[in-house]
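This report concerns only the one structure given below.
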Amino acid sequence: MKQLKSVKELIEFRNKQKKKSVGFVPTMGAIHQGHTSLMERSVEENDITIVSIFVNPTQFLEGEDLSKYPRQLEKDLIKCEESGVDAVFTPSIDDIYEKNEPKVAADPVKGYILEGKNRPGHFDGMLTVVLKLLNLVRATRAYFGRKDAQQLILIEDMVKAFALKVQIVPCILVREKDGLAMSSRNIYLSKENREQALLIYKALNYGKMLITENDEKDPKVVKEAMLEILKPLDVEYVECTNRDLTISDSIEIENSIVLVAAKLGNTRLIDNFWI
Ligand code: AMP
């Protein structure tokens, strides 16, 4: 496996793979099984797999955990290699960003609800770096987790709007054995918070049961029942949306997502299920 430390090295590597299908998995590192499941799928479906590890400063807001975001490159490189990845792109910030350059603006509605409401501008930074990375890597397919549902949908919209020549592959959300959604931020949870975090999974499962077994279609009823379970937590939102992120007054099977964000101590967790 190759480590590509600059844009120049990436372009040289990429130019050698002319006729091959290329899978791409963008990450911010602190690699866990959620990430490696994306890599393994890419390895299965493409001749070459490229992973990027880049903690993107423009998607962090003032006061967020940019400087504290977990960084463990050596361990990450081993996990990528074990997953069968061919190259890991690890650029510096200066290699990716110029001063005073244009950026992508997320849709003023879809980019400013849910995560965007609590983190205004986050998705501009995310879309900007994803556009840059997609253009640099020129992948056949790019893999994104359903864990970050809103991110995935905004990327799909951007790829369509800008006619990018890449296939976006949505991938299943990977959980710990006890149900907690895997996340690089889980390591920050105290023992007590880690236990409490399971309420998110419990609430989501209860919501799912109401919809799929009790045939409940009213998002208000589902949200209220879930909020009752989530009472001990500092909940930021519980929301039901359609798969295009529009808020609807009726849950539709095969077309809905139920999303939760909650803070445990200083750690913000998100989770969801697709109905
Ligand atoms: P991140 O490093 O958090 O930016 O995540 C990089 C990619 O991994 C994104 O497409 C995420 O949606 C995906 N990802 C993160 N956690 C999980 C998970 N638990 N299951 C599936 N995909 C995940």
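The values are calculated or read from the model by the stated rules, or taken from the named source; none is laboratory data. Since this is a predicted model, take the numbers as computed values, not measurements. Note that each Cβ is placed from the backbone with ideal geometry, even for glycine, and that neighbours are counted across all protein chains shown.
Give the residues of region 84-103 that are out of contact with any strand residue (DSSP E or B) (no Cβ under 7 Å at 6 or more places or on another chain) and of a type in the set (Phe, Trp, Tyr), sorted by residue number. Of everything in region 84-103, just one residue is out of contact with any strand residue (DSSP E or B) (no Cβ under 7 Å at 6 or more places or on another chain) and of a type in the set (Phe, Trp, Tyr), namely Tyr97. Please verify whether region 236-258 includes one or more residues that are part of a helix (DSSP H, G or I) and farther than 20 Å from Ala30 by Cβ. No: region 236-258 contains no residue that is part of a helix (DSSP H, G or I) and farther than 20 Å from Ala30 by Cβ. Residues in region 235-243 include at least one that is basic (Lys, Arg), in contact (Cβ under 8 Å) with a residue 24 or more places away in the chain and in contact with an Asp or Glu (Cβ under 9 Å, 6 or more places away or on another chain).
Just so you know, in region 7-20 the residues that are modelled with pLDDT of 95 or more and surrounded by 15 or more Cβ atoms within 10 Å (Cβ to Cβ) include one that is nearest to the ligand (Cβ to nearest atom), and it is Leu10. Scanning region 32-54 for residues that are within 16 Å of the ligand (Cβ to nearest atom) and free of Cβ contacts under 8 Å to residues at least 40 places away in the same chain turns up Glu44, Thr49, Val51, Ile53.
Of the residues making up region 211-226, those that are loosely packed, with under 15 Cβ neighbours inside 10 Å and in a helix (DSSP H, G or I) are Thr212, Lys220, Glu224. When Gly29 is tested against the conditions (1) part of a loop (DSSP other than H, G, I, E, B); (2) surrounded by 15 or more Cβ atoms within 10 Å (Cβ to Cβ); (3) away from the ligand (no atom under 14 Å from the Cβ); (4) not β-branched (Val, Ile, Thr), the lone failure is (3).
One residue stands out among those in region 163-200 that are closer than 25 Å to Ala225 by Cβ, touching a residue at least 60 places away in the same chain (Cβ under 8 Å) and small (Gly, Ala, Ser): the one that is farthest from the ligand (Cβ to nearest atom), which is Ala197.
Cβ-Cβ contacts under 6 Å between residues 6 or more apart (or on different chains), taken from a first residue in region 138-154 that is under 30 Å from Glu12 (Cβ atoms) to a second residue that is modelled with pLDDT of 95 or more and away from the ligand (no atom under 12 Å from the Cβ), are listed as Ala139/Val22; Ala139/Val166; Thr140/Ser21; Thr140/Val22; Arg141/Gly23; Arg141/Gln167; Ala142/Val166.
Table: residues versus (1) closer than 24 Å to Glu115 by Cβ; (2) β-branched (Val, Ile, Thr).
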| residue | (1), (2) |
| --- | --- |
| Glu195 | no, no |
| Leu199 | yes, no |
| Asn205 | yes, no |
| Lys208 | yes, no |
| Glu216 | no, no |
| Lys223 | yes, no |
| Glu228 | yes, no |
| Pro232 | yes, no |
| Val235 | yes, yes |
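Of the residues in region 57-74, at least one is outside any loop (DSSP other than H, G, I, E, B), closer than 25 Å to Gly111 by Cα and touching a Gly at 6+ places or on another chain (Cβ under 6 Å). Quick check, is Arg14 in contact (Cβ under 8 Å) with a residue 40 or more places away in the chain, under 22 Å from Ala149 (Cβ atoms), among the charged types (D, E, K, R) and in a helix (DSSP H, G or I)? No.
Against the definition (part of a helix (DSSP H, G or I), near the ligand (Cβ under 10 Å from one of its atoms), out of contact with any Lys or Arg (no Cβ under 6 Å at 6 or more places or on another chain) and not hydroxyl-bearing (Ser, Thr, Tyr)), how does Asp157 come out, yes or no? Spelling it out, it is not the case that Asp157 is part of a helix (DSSP H, G or I), near the ligand (Cβ under 10 Å from one of its atoms), out of contact with any Lys or Arg (no Cβ under 6 Å at 6 or more places or on another chain) and not hydroxyl-bearing (Ser, Thr, Tyr).
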